[in-house]
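Down below is the structure, laid out as structure tokens.
The values are calculated or read from the model by the stated rules, or taken from the named source; none is laboratory data. If you're wondering where the values come from, they're calculated on a predicted model, not measured in any experiment. Ideal geometry is used to build each Cβ from the backbone, glycine not excepted, and the neighbour counts take in all protein chains shown.
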Amino acid sequence: MTPTDPMARPAAADFSSALVSHGVGSAEMAAIRAFARVVEPVDFARDFAVALARLVPDGTGQAAAEQAQAAFCDALAACTDWGSTGGWFERVSAHWAECVSRGVETGFALDACASLVKAAARHLAGDRAVVYQLEMDILFAVDAFAWCVASLLSRQSNRHEALGPAEFADRDLLTGLPNRRCYARLLDDWLSQSGPERRVGLVVLGMEWGIAVQHLPMAERDRLRLAVTERLRAAVRAGDVLCATGEHEWSLLLPVLRSPAQVRLAANKLIAACEALLDGEFRELCGQLTGGGAVGPDHGRDTSALEYAARTALLVARKDEQRFEDYREAFSTVVDDTIEFEHELLGAIYRQELKLFLQPQVRFDDGRCDSAELLLRWRRSSGAWVPPPRIIDAAHRMGVLPKLSRWLIMHAAHMAAQLAELGTAIKVNLNVTAIDLRDDELPELVAQALETWRVPAGRFGIEVTETALVADHHRAAQLISRLRSLGCPVALDDFGTGFSSLAYLRNLPVTELKIDQLFVRQLGSSTADQAIVDAIMRLADGFGLQVVAEGVEDVDARELLRAAGCDLMQGYIESPAMPLEDFVRWWRLRNGLPEDVGLSPEGAD
């Protein structure tokens, strides 16, 4: 969006300068921040609502408008955010844009700002006849602050009236950027005039947030989106147009392209601006902005074709873990392969063609195998085996991960029952994903599977990775406690690769630790890995936990783990993961029993 765009809402810098012009300097902001620290937000919001009800006793009668007003008032009365560096006002401005689009009159914003002052006066003086100088200073500061906000919101309403509803409909209500409708019209117009000497550039930018952000309330997600938008807007070259084309997606239009290289330069500039934000104000959140670029008419003569090319480049950039990619003809094959992969996986899930293999866990003390990890396996029609993380990621992307997780839980219980029928009553351990740990029904699903196949809970272990706990530690702890109350053992997988191992051990009712293979594979030659393993063993001993070492592949590692006091090992030195029938045969031979499994082809799954 160009700086002269009449629809642009006041940004952080505009708000800061407007405060100064209204007499709200550093001293006044300090007084406002002091007020926000001592006031109880819930009490202030209540007094604000009472004051506003006296000024505006009746609603609009329209549910959508009243909902927009309520959201606006909630944001406006968030006094603990008044001292933030612009983020608060951006949220207020976004909610007011929604109000205006619903037909709410400008007077409502003025009344709401007046109610802020009344609520502040109520908290500062109450019914006292005497008001102290400090209270007066704070009240004057709040008064100037509120009327500065009212002035800016009034100007925003006037811009809407000047533009008219047709132009307003071309704007994203939260960010004020041109929306998809406007984006398509602009790109269509510019592409219709494009040619060998007049190219048009397109960059599609997509933000992928970590699980922690996905758990945030919508207001906080809006705050993030606004903050990223402001950084991107500030980095856009004059004449180019930044559009909001998705919840966490932006598209940059370059209508006067002198060289195709400008597309990459512009994209890298925007991505760098976003990375600076994530390294600064939002460094506690995990997110990555990735871009794909295309040039018209070379890569597409209409909006649909050019956008397809840019999105193809974006997909390849994400796949190759790059910040940005320019479209190339070879990329079409990558997209086709991805589409084919997803279709084939979807069919395999619905036809239940995925398998669970068992990898033995062998005791160091006597060589017995009384447990095994269940590992997901899928072989495509081409004969290629697909890594489990790719299966899980694709299932999540397609929205079928809950169905797959339920199948895995039920199938794992079925396999535990089959093992018992074949005289191999060992414990099976099933990995659950970070997304599974957000499902409050997980313990009930496990309980149902155990009841269906009559499997004792002690023979059905759950493995949880450390990184899966980071997103919502407290919720995960509650689910793990419920699984433990069923009697299911719970292992902390990939131990040592997370961020708060000791805290997890202190607060989570886990029964087992699994040393990640990262620390095992070079154990014979790495004194650092040996020290890490020794530390893990000491921690486990202090908490009374069993320890399993993953990825044991050589004799040196095995003997060092044995000397360290490790309980079980899992790895190729004993056996790779095997189908059920092969595992039972391996187990029987190991225990000196007849090799004949007696398992029908139907039961082999």
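Which of the residues belonging to region 34-58 are surrounded by 15 or more Cβ atoms within 10 Å (Cβ to Cβ), farther than 21 Å from Gly107 by Cβ and of a type in the set (A, V, I, L, M)?
Ala34, Ala36, Val39, Ala45, listed by residue number.
Among Thr290, Thr312, which is outside any loop (DSSP other than H, G, I, E, B), of a type in the set (Ser, Thr, Tyr), in contact with a helix residue (DSSP H, G or I) (Cβ under 6 Å, 6 or more places away or on another chain) and farther than 26 Å from Ser382 by Cα?
Just one listed residue meets the conditions, Thr290.
Checking the structure you have, find out if any residue of region 242-264 is in a loop (DSSP other than H, G, I, E, B) and within 11 Å of Gly206 (Cα to Cα).
yes
List pairs: first residue in region 418-443 and closer than 15 Å to Ala491 by Cα, second residue modelled with pLDDT under 85 and of a type outside the set (A, V, I, L, M, F, W, C) anywhere in the structure, Cβ distance under 8 angstrom, at least six positions apart or on different chains.
Close Cβ pairs satisfying both conditions: Asn431/Thr465; Ala434/Thr465; Ala434/Thr467; Leu437/Asp472; Leu437/Arg475.
Tell me the residue from Leu513, Leu502, Leu479 that is farther than 23 Å from Gln361 by Cα, at pLDDT 90 or above and either assigned by TED's automatic domain parsing to the domain that holds Ile435 or hydrophobic (A, V, I, L, M, F, W, C) (or both), please.
On inspection, the qualifying residue turns out to be Leu479.
If you go through region 155-188, how many residues are more than 19 Å from Ala244 (Cβ to Cβ) and either modelled with pLDDT of 90 or more or touching a Lys or Arg at 6+ places or on another chain (Cβ under 8 Å) (or both)?
Qualifying residue count for the region: 0.
Only one residue in Leu358, Leu375 is within 27 Å of the chain's Cα centre (by Cα) and of a type in the set (A, V, I, L, M), so which one is that?
Matching residue, one of Leu358, Leu375: Leu375.
Could you grab me the full set of residues in region 374-413 that are buried (at least 18 other Cβ atoms within 10 Å of the Cβ) and more than 17 Å from Glu340 (Cβ to Cβ)?
Leu374, Leu376, Ile392, Leu401, Leu404, Ser405, Leu408, Ile409, His411, Ala412, Ala413 - these are the residues of region 374-413 that are buried (at least 18 other Cβ atoms within 10 Å of the Cβ) and more than 17 Å from Glu340 (Cβ to Cβ).
Filtering region 452-474 down to residues that are of a type outside the set (A, V, I, L, M, F, W, C) and modelled with pLDDT under 80, which residue is surrounded by the fewest Cβ atoms within 10 Å (Cβ to Cβ)?
Among those residues, the one meeting the criterion is His474.
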